[in-house]
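One structure is given here, and the rest of the page talks about it.
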Amino acid sequence: MKKILFSALAALAALGLAACSGGEGEDSSKGSSPISSSSSATSSSSSPEETEDFSISTSSNGLSVVEESYSFATAAEGDLFPPEASFTMVTDSSWSLVSGLNERYTRIVAEDEAVLPEGSVSLDIITNADIVGTSGSSEIEQIKVIFDRTLIQPGSTRLKVEVRPNNGSSTVTGETCTICVDISVSAYGTMTVDTYSVDINLDLTGLAEAIETNITTVSEISWTASADNYDELYGVAADISTTTPIEADATSATMHLDCPIGEPYTTWVFVQGEETSERLWFSIVPSSREDGYTLEPAENNSESYLTVEEDVTIDAELGDYLTLN
């Protein structure tokens, strides 16, 4: 995968280099491109009086996106490594021989730089080999548009991405692809979603016996429930990942979750001993059968899968467990 961050200043530099060398442009497949991001709404390639056209465009010269708009959240305070925020531009068969982008024509332009400031947006080229492995080719299958959650700011704007294939058929190399979409950014934890209210009462019978059998000295016991689509849900006003500490002598525990409707969860109880190899993962099973949810253990009993269909209270107990011993 090749990562491209391109700014107005870098574009000018690329134009200058191309003019000096007499070449048509640089191939982004030949190493990293200059680091950058959004240009201002008035392009460096435009006259002072000319402003950018931010008309919505989801398909252009063999490149397309699924949606006209995308929503993301900023990073949580102190989270230096939040999950990726991105959307993907997909190529069609007209790009079958394309293996690089012409940097001279590569631009990322935000209509409002207060929302998408300089350095906050980048491109990542995904080749056929990146998808299928070493047997694949260097042809570009996708171009991912990536947003740095630590830099983007709450608000709404339009984002325009322009690229041009550096090689391939004359049909695609002679025309710039322009994709323009709406981008909405919310502060972490403020993206509203419909949720179900879920209360889980967990009977910890069997925990002490399993610890006595497998753990010399306990250093941590915790119970976690996490949305399977955590990365996509990051920043919503819901409980997408909750961990509750458990005391070694506890006989029960409770957890409340506001679960986004339609989102599956994975849940487990984890025990860590002082020795690295002393670890236990417990599945969780219903202690009584009620409507409104399903809770089933994984095949290896290291965790359980929860789906919720309504507001519900679940009475559950520890199932079998997985150990490294």
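The values are calculated or read from the model by the stated rules, or taken from the named source; none is laboratory data. Quick caveat: nothing in here was measured; it's all calculated off a predicted structure. Heads up, the Cβs are rebuilt from the backbone with ideal geometry, glycines too, and the neighbour counts pull from every protein chain shown.
Can you go through Asn128, Asn166, Asn102 and tell me which one is surrounded by 23 or more Cβ atoms within 10 Å (Cβ to Cβ), in contact with a strand residue (DSSP E or B) (Cβ under 9 Å, 6 or more places away or on another chain), under 22 Å from Ser64 (Cα atoms) and not assigned by TED's automatic domain parsing to the domain that holds Tyr230?
The unique qualifying residue is Asn166.
If only one of Asp199, Asp258 is in contact (Cβ under 8 Å) with a residue 60 or more places away in the chain, assigned to a strand (DSSP E or B), more than 26 Å from Tyr70 (Cβ to Cβ) and of a type in the set (D, E, K, R), which one is it?
One residue alone meets the criteria, Asp199.
Across the range 124-138, which residue is farthest from Asp148 (Cα to Cα) among those that are of a type in the set (S, T, N, Q) and in contact (Cβ under 8 Å) with a residue 60 or more places away in the chain?
Only one residue tops the list, namely Ser138.
Among the residues of the range 55-65, are any surrounded by 14 or more Cβ atoms within 10 Å (Cβ to Cβ), on the phi > 0 side of the Ramachandran plot and small (Gly, Ala, Ser)?
yes
Among the residues in the range 249-271, are any at pLDDT below 95, surrounded by fewer than 19 Cβ atoms within 10 Å (Cβ to Cβ) and either out of contact with any Pro (no Cβ under 9 Å at 6 or more places or on another chain) or among the hydroxyl-bearing types (Ser, Thr, Tyr) (or both)?
Within the range 249-271 (the criterion being at pLDDT below 95, surrounded by fewer than 19 Cβ atoms within 10 Å (Cβ to Cβ) and either out of contact with any Pro (no Cβ under 9 Å at 6 or more places or on another chain) or among the hydroxyl-bearing types (Ser, Thr, Tyr) (or both)), the answer is yes, since at least one residue qualifies.
Tell me the residue from Glu175, Glu118 that is in contact with a Ser or Thr (Cβ under 9 Å, 6 or more places away or on another chain), modelled with pLDDT under 95, within 14 Å of Asn61 (Cα to Cα) and assigned to a loop (DSSP other than H, G, I, E, B), please.
Result of the check over Glu175, Glu118: Glu175.
All but one of (1) in a strand (DSSP E or B); (2) surrounded by 14 or more Cβ atoms within 10 Å (Cβ to Cβ); (3) within 30 Å of the chain's Cα centre (by Cα) hold for Ala238; state the number of the condition that does not hold.
Tallying (1) in a strand (DSSP E or B); (2) surrounded by 14 or more Cβ atoms within 10 Å (Cβ to Cβ); (3) within 30 Å of the chain's Cα centre (by Cα), Ala238 fails exactly one: (1).
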